[in-house]
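Take a look at the structure below.
The values are calculated or read from the model by the stated rules, or taken from the named source; none is laboratory data. The model shown is predicted, which means the values in this text are computed figures rather than measured ones. Here the Cβ positions follow ideal geometry from the backbone for every residue, glycine too, while neighbour counts run over all protein chains shown. These accessible areas exclude ligands, DNA and RNA; they are computed on the full protein's heavy atoms, side chains included. Shrake-Rupley method; radii C 1.70, N 1.55, O 1.52, S 1.80 Å.
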Amino acid sequence: MTDSIMSKAATMEIPINSNGDTGTLPEDDSLEQDLQQVMVSGPNLNETSIVSGGYGGTAEGIIPTSSIKGSNMHHSSSSSSMMAEQTTRGVAVEKLETVKKWGLNTYKCTKQIISERFGRGSRTVDLELEAQIEVLRDTKRKYENVLRLARALTNHFYNMVQTQHALGDSFAELSQKSPELRDEFGYNAETQKLLCKNGETLLGAVNFFVSSINTLVNKTMEDTLMTIKLYENARLEFDAYRSDLEELSLGPRDAVAMARIDAAQQQYHVHKDKYERLRSDATIKLKFLEENKVKVMHKQLLLFHNAISAYFAGNQQQLEQTLKQFSIKLKPPGADKPSWLEEQ
């Protein structure tokens with residue numbers, strides 16, 4: 001009975017108001033459910049069996065525990081109760097410790113943000129890296145605008161090609177039904193079909209351009225920005241624990257204060273190592289991103305220029321050669337439509 005009371009007391013936390021009075025402690029429903037689940041999930045002694053052989057052995061040698069009488073039964077029940085109490089205590093303490101660490105870290109970071117916002121706190125700044133990060137974010141915004149415009153161009157040009165295709169079909173039909181204008185309708189139909197064919201070839205090049213820019217912006221750049229986000233969070237945590245250590249160092253030097261300073265120094269070095277590691281990762285990714293961006297854009301801009309120039313110059317041979325140069329294969333008409341099996 002005493003152990004049960006002590007275990008419950010070990011998992012309770014009494015909040016203290018600002019004036020030193022004890023406040024009411026709200027019940028933690030999730031913690032209580034976790035404790036009940038641990039108690040319920042314990043073994044049922046009435047249904048447990050002792051197997052004399054190894055795992056997967058025969059039924060011979062299985063002794064039901066209900067046949068064990070006397071002191072062995074009481075000893076097993078007592079041991080199970082102690083194990084259940086220890087498990088309950090361990091789960092509760094671990095959960096409270098995790099919440100405590102998270103709350104303390106959140107408080108320190110929030111305090112650091114407010115101090116920086118109002119100009120009362122200092123922040124660690126890597127001028128070269130910060131400049132590179134700002135350039136990347138500005139570049140990403142501009143590339144997103146290019147991607148948006150290229151997609152709009154693709155949609156408009158696709159509609160034009162579809163209109164030319166329909167117009168060519170109409171001219172061809174009228175050339176069969178209007179003998180007096182057969183030649184005029186005929187060569188207009190051929191012209192529209194040729195323009196439609198060249199337009200489809202150009203669309204293949206522009207779609208490849210759009211796909212490559214989309215990969216660069218929404219995957220490669222975004223991955224680098226995720227690393228930068230982790231670096232900025234690590235910087236904030238490092239400055240928060242650095243400021244905390246500086247405040248403690250200016251205070252008294254008694255035994256309790258020295259213990260706090262030692263603990264603060266340990267946390268300071270942990271977050272410093274994390275900050276320096278992520279700063280190095282961000283620097284490396286920025287370098288590789290810049291090299292990859294130059295390589296990709298050199299190829300894509302050359303493709304876009306050659307394809308557009310060949311199309312509007314009416315040079316069908318050069319347009320097809322441009323696609324071969326960049327290994328672009330056009331999809332046959334109707335390739336995007338699902339087969340009759342896929343529609344079932």
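Residues being part of a loop (DSSP other than H, G, I, E, B) and either under 34 Å from the mean Cα position of the chain (by Cα) or at pLDDT 90 or above (or both): count how many of those fall in region 314-344.
Adding up the residues that qualify gives 10.
Show the residue pairs that are 6+ apart or on different chains and have beta-carbon atoms under 6 Å apart, the first residue being within region 185-196 and within 21 Å of Phe312 (Cβ to Cβ) and assigned to a helix (DSSP H, G or I), the second being modelled with pLDDT of 90 or more and open to solvent by 30 Å² or more (accessible area, probe 1.4 Å).
Sorted first by the residue in region 185-196, then by its partner, the pairs are Asn188/Phe171; Gln192/Leu167; Cys196/His165.
Using the structure shown, decide if Asp281 is of a type outside the set (Lys, Arg), modelled with pLDDT of 95 or more and in contact with a Ser or Thr (Cβ under 8 Å, 6 or more places away or on another chain).
Yes, satisfied.
Out of Leu202, Leu167, Leu195, Leu174, report the one residue that is more than 54 Å from the chain's Cα centre (by Cα) and aliphatic (A, V, I, L, M).
Of the residues listed, the single one that is more than 54 Å from the chain's Cα centre (by Cα) and aliphatic (A, V, I, L, M) is Leu174.
Taking the condition at pLDDT 95 or above, open to solvent by less than 70 Å² (accessible area, probe 1.4 Å) and within 21 Å of Val217 (Cβ to Cβ), does Asn155 pass?
Criteria not met by Asn155.
Of all residues in region 68-119 being basic (Lys, Arg) and at pLDDT below 80, which is nearest to Ala264 (Cα to Cα)?
Lys101
Filter region 174-189 down to residues that are of a type in the set (Ser, Thr, Tyr) and within 22 Å of Gln162 (Cα to Cα) and give me whichever is surrounded by the most Cβ atoms within 10 Å (Cβ to Cβ).
Ser175
Please go through region 146-184 and give me each residue that is touching a residue at least 24 places away in the same chain (Cβ under 8 Å) and under 20 Å from Leu330 (Cβ atoms), ordered by number.
Those that are touching a residue at least 24 places away in the same chain (Cβ under 8 Å) and under 20 Å from Leu330 (Cβ atoms): Ala150, Arg151, Leu153, Thr154, Phe157, Tyr158, Met160, Val161, Gln164, His165, Gly168.
If a residue must be farther than 30 Å from Lys140 by Cβ, touching a Leu at 6+ places or on another chain (Cβ under 6 Å) and open to solvent by 30 Å² or more (accessible area, probe 1.4 Å), how many such residues does region 216-261 contain?
Final tally of qualifying residues: 1.
Looking only at region 120-134, how many residues end up being open to solvent by less than 90 Å² (accessible area, probe 1.4 Å) and at pLDDT 80 or above?
So the count comes out to 9.
Among (1) touching a Ser or Thr at 6+ places or on another chain (Cβ under 6 Å); (2) open to solvent by less than 90 Å² (accessible area, probe 1.4 Å), there is one condition Asp138 misses while meeting the rest; what is its number?
Only one criterion is unmet by Asp138, namely (1).
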